[in-house]
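See below for the structure under consideration.
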Amino acid sequence: MTYLCTICSTTCKKADSIICAICNSYQHINCVTKQMPNLSQSALDNITKVKPGYSFGCKRCFVSSPANPITSKMDAVEKQLSDLTNIIKDIISSQLTDIKADLTKSLSKSNQFEKETNKKIDNLQSENNYLRKQLNRPDIIVSGLPSNLHYDDLYSTAIAIGKACNVNLSESDINFCTWIRRKSAVLIKFNNVLKRDIIIRKYKASYNLKLNDVMETDIEKRIYLNNHLIPIESKLHYICRKKIKSGEIKSYRILSYNPLKIKLIKADKDEAIVFAADILEQEQGMETSTAKDVSNTSSI
């Protein structure tokens, strides 16, 4: 039986032709290969041998008849895939927007919580400093006493220090005495704060209290009387002394404890009242910067 080739319009036999699975038309194998030069030989062999899973669609069906069942199904699948892709994009975009909003809200709450927590910590630190200062208020720290001085002799030494400062003390004026700082200083806690203040005031009038003034000895070594500072005070005194040494300020004075403030007097007599927290933060920043410089120098 002969058929008409739809490409060259000449007769062709079934043996040397290919049938289109879409329009059932016959075409010469040579005509197909000329019209479709990209068709590989292996694909052509599979089609001519009619292997399962292989079928041929002529160019006219794909170009001139886009509405054929295969192309229609392919277009429908492509549209469904496109629609599905857009739906997934919209869902993901919506979810990301919600996640971003939740993260922003959580970050805002976290920042607010951190701010409130830091404020409470600062208040607690201020109250703690104030309470510790009140607890240390009746104290005097004595430096310069011989470390072999027995504990039982500390009370009589404290009374002798008062006598050297023209203040009459009795044992009832003293709460207790004890060695501190590995026996480098003696803590005297007074019951009578008024007498304690008079001793400090008279000591600071001359700063000339010596060991032979308070005990029987020929040693004229100086004895130092100081207030019992809380840790933050010690840190501030250290910082301010450095500022005096560098010429940044001339003197300073601690004003209050809740919150802690310091009056800084500069060389030109200008005065500035600053919060202790600001000075400590500034000092910490300088120490961090110095540490980084040292680290960078070491790495070089």
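Restricting region 3-42 to trypsin sites (Lys or Arg not before Pro) that sit in a DSSP loop and have at most 11 other Cβ atoms within 10 Å of their own Cβ leaves LYS14. Normalised by the number of residues in the chain, the mean separation of alpha-carbon contacts (under 8 Å, six or more apart) gives a relative contact order of 11 percent.
Computed from Cα positions, the angle between helix 276-299 and the longest principal axis of the chain comes to roughly 60 degrees. Amide H contacts of SER251: ILE265, each under 5 Å away and 5 or more positions distant or on a separate chain (H built 1.01 Å from N in the peptide plane; Pro and chain starts excluded). Using equal-weight Cα scatterers in the Debye expression, the normalised intensity of region 84-137 in log10 at q = 0.25, 0.27 Å⁻¹ is -0.89, -0.93. Put simply, the chain fits an ellipsoid with semi-axes of 105, 21, 19 Å; these come from the alpha carbon gyration tensor as the roots of five times its eigenvalues, largest first.
Close amide H partners of ALA185, meaning residues 5 or more places away or on another chain with modelled amide H under 5 Å apart, are ILE180. Helices in the chain, meaning DSSP H runs of at least 4 residues, each add -39500 (n - 2.57). Divided by all residues, the mean residue ellipticity at 222 nm is -17500 deg cm²/dmol.
Computed from the coordinates by the stated procedures, all read-outs in this text should not be read as laboratory data. All values derive from a computational prediction rather than experimental measurement. We place every Cβ from the backbone using ideal geometry, glycine too, and count neighbours over all the protein chains shown.
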